[in-house]
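Novice: Next up is a structure, given as structure tokens.
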Amino acid sequence: MIATRAAADGDFIDRPALEAASGRPVRSDWRRAGPFWSSALDSHPATRRSIEILRGSGVRVLYGEGEWTPHDPGTGEARIASYPWLRALDALSDVTRVPDAPDARAK
């Protein structure tokens with residue numbers, strides 16, 4: 001859960017009660033962005049709609065069987081090494097490669 005700085009610093013929320021109810025810390029600062037999300041976020045309908053919108057716009061989203069699947073909540077740090085980084089780099093090189101240019105990975 002993320003509270004605004006004003007809410008967190010101004011005692012507008014009961015931070016201990018929210019943390020006890022959710023089982024998660026209440027933050028007022030953004031975390032470092034990660035390359036993936038957990039199954040908790042994945043279960044929200046907006047996540048699937050966003051993926052559909054991105055794919056419908058021609059964006060390659062590394063998501064689903066054979067690409068990448070969400071991890072259990074709270075296990076992201078342990079799973080970061082198993083993220084398919086090479087697949088992500090390949091996908092990036094597919095969209096940035098100049099036609100008829102030699103593939104740098106072939107060397």
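Please treat every number below as a calculation from the coordinates, not as lab data. Not measured: the values here are computed from a predicted model. Neighbour counts run over all protein chains shown; Cβ positions are idealised from the backbone, glycine included.
Novice: With the requirement that a residue be under 13 Å from the mean Cα position of the chain (by Cα) and of a type in the set (A, V, I, L, M, F, W, C), what does segment 64-87 give you?
Specialist: Trp68, Ile80
Novice: Another one. Taking into account only those residues within segment 70-97 that are without any contact (Cβ under 8 Å) to a residue 12 or more places away in the chain and touching a strand residue (DSSP E or B) at 6+ places or on another chain (Cβ under 9 Å), which is nearest to Pro35 (Cα to Cα)?
Specialist: Ser82
Novice: Can you go through Arg27, Arg60 and tell me which one is out of contact with any Lys or Arg (no Cβ under 9 Å at 6 or more places or on another chain), basic (Lys, Arg) and under 28 Å from Ala6 (Cβ atoms)?
Specialist: Values: Arg60 fails: under 28 Å from Ala6 (Cβ atoms).
None of the others qualify; the one that does is Arg27.
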